[in-house]
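The values are calculated or read from the model by the stated rules, or taken from the named source; none is laboratory data. As the structure is a prediction and not an experimental result, all values here were calculated from the model. Methodologically, a virtual Cβ is constructed for each residue, glycine included, from the backbone with ideal geometry; neighbour enumeration extends over all protein chains shown.
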Ligand code: C2E
Ligand code: MG
Ligand code: MG
Ligand code: MG
């Protein structure tokens, strides 16, 4: 590198950059280990009907129980997993874990029927030629119907190569799997592209929900999105709901579902089961009709 820097310039050795590079390298080899030695975990967050308050689905969120650093969030290790391609193996593991837990919950009696399990997809999984095969294998081996699986792909990941994304997602959707656009509003999809994509759900990014109560421009944007979704025949999920005020606003906009700390934080599989049990009956503050089928 220094050789190309030219005569007038020189490159200093930056110990801080060196430390960062070393940490990344260590993390990469740790992450390879993590997959092999069963250190990955999943957390589940309920997706709730904004008409009845009932949980109808859970979103699966990956965690890493690092032997030294403790429980790590996706932001701590997914960027490296993505760069190294390890994200593909992690994704397959998460998908199978989610299907296994969903099938186990559904086998138990005394809990309200759960419509779906949501799993996030990375762009590198989309690029993988055999994604539909990997997904159908996971569903079959755990006895989960394709209609019960929602795959969440972020708007920017789709827009990176919309033609290819449409082909892969269309393939999955023809087999019955549901497709959700995650973090909607943060990417740059044109309305025309949106209409051509094989989609079922728009998940409105939490940044819009957070600003909605203070800034009426954001409330207007969220309302525009729910109206657009309705006209395109898509369901809407509002992400990152933290207050009852936000719930009321979203209900007035006819948003279908909500997710966020107001309802529950991501939890373990056992806690998810307990959550389902404790929400077996609709509490009186919610209307009793649930006209939605997820
Ligand atoms: P996401 O798919 O948009 O998931 C929602 C994120 O918002 C989660 O963060 C969740 O814990 C957080 N959240 C939920 N409710 C609230 C709230 O009321 N307030 C706030 N401030 N945050 C809330 P988490 O678990 O850290 O995941 C971050 C992102 O990492 C996810 O965003 C998703 O893009 C990615 N991710 C998570 N698991 C996977 C996975 O298995 N595969 C892939 N490819 N990506 C994943
Ligand atoms: Mg998601
Ligand atoms: Mg999101
Ligand atoms: Mg997000």
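Please determine, by comparing only the residues of region 155-172 that are closer than 17 Å to residue 120 by Cβ and at pLDDT 95 or above, which one is nearest to ligand 4 (Cβ to nearest atom). Restricting to residues being closer than 17 Å to residue 120 by Cβ and at pLDDT 95 or above, the top hit is 169.
On the stretch given as region 43-80, residues that are more than 19 Å from residue 180 (Cα to Cα), in contact (Cβ under 8 Å) with a residue 12 or more places away in the chain and more than 16 Å from ligand 4 (Cβ to nearest atom) total 10.
Going by what's in this entry, would residue 187 be described as free of Cβ contacts under 8 Å to residues at least 40 places away in the same chain, within 16 Å of ligand 3 (Cβ to nearest atom) and at positive phi?
Values: free of Cβ contacts under 8 Å to residues at least 40 places away in the same chain: yes; within 16 Å of ligand 3 (Cβ to nearest atom): yes; at positive phi: no.
The answer is no for residue 187.
Farther than 17 Å from residue 238 by Cβ, surrounded by fewer than 21 Cβ atoms within 10 Å (Cβ to Cβ) and either more than 16 Å from the chain's Cα centre (by Cα) or modelled with pLDDT under 95 (or both): is that true of residue 196 in this structure?
Details: farther than 17 Å from residue 238 by Cβ: yes; surrounded by fewer than 21 Cβ atoms within 10 Å (Cβ to Cβ): yes; either more than 16 Å from the chain's Cα centre (by Cα) or modelled with pLDDT under 95 (or both): yes.
For residue 196, the condition - farther than 17 Å from residue 238 by Cβ, surrounded by fewer than 21 Cβ atoms within 10 Å (Cβ to Cβ) and either more than 16 Å from the chain's Cα centre (by Cα) or modelled with pLDDT under 95 (or both) - is met.
Looking across region 183-225, the residues that are within 12 Å of residue 159 (Cβ to Cβ), within 16 Å of ligand 1 (Cβ to nearest atom) and outside any loop (DSSP other than H, G, I, E, B) come down to 183, 184. Enumerate the pairs (first residue in region 124-151 and within 19 Å of residue 56 (Cα to Cα); second residue anywhere and loosely packed, with under 15 Cβ neighbours inside 10 Å) with beta-carbon separation below 6 Å, excluding pairs fewer than 6 apart on the same chain, so at least 6 apart or on different chains. As it stands, the answer is 146/175; 146/176; 147/176, since those pairs meet every condition given. Of all residues in region 226-254, those satisfying the criterion of being part of a helix (DSSP H, G or I) and under 23 Å from residue 54 (Cβ atoms) are 226, 229, 230, 244, 245, 246, 247, 248, 249, 250, 251, 252.
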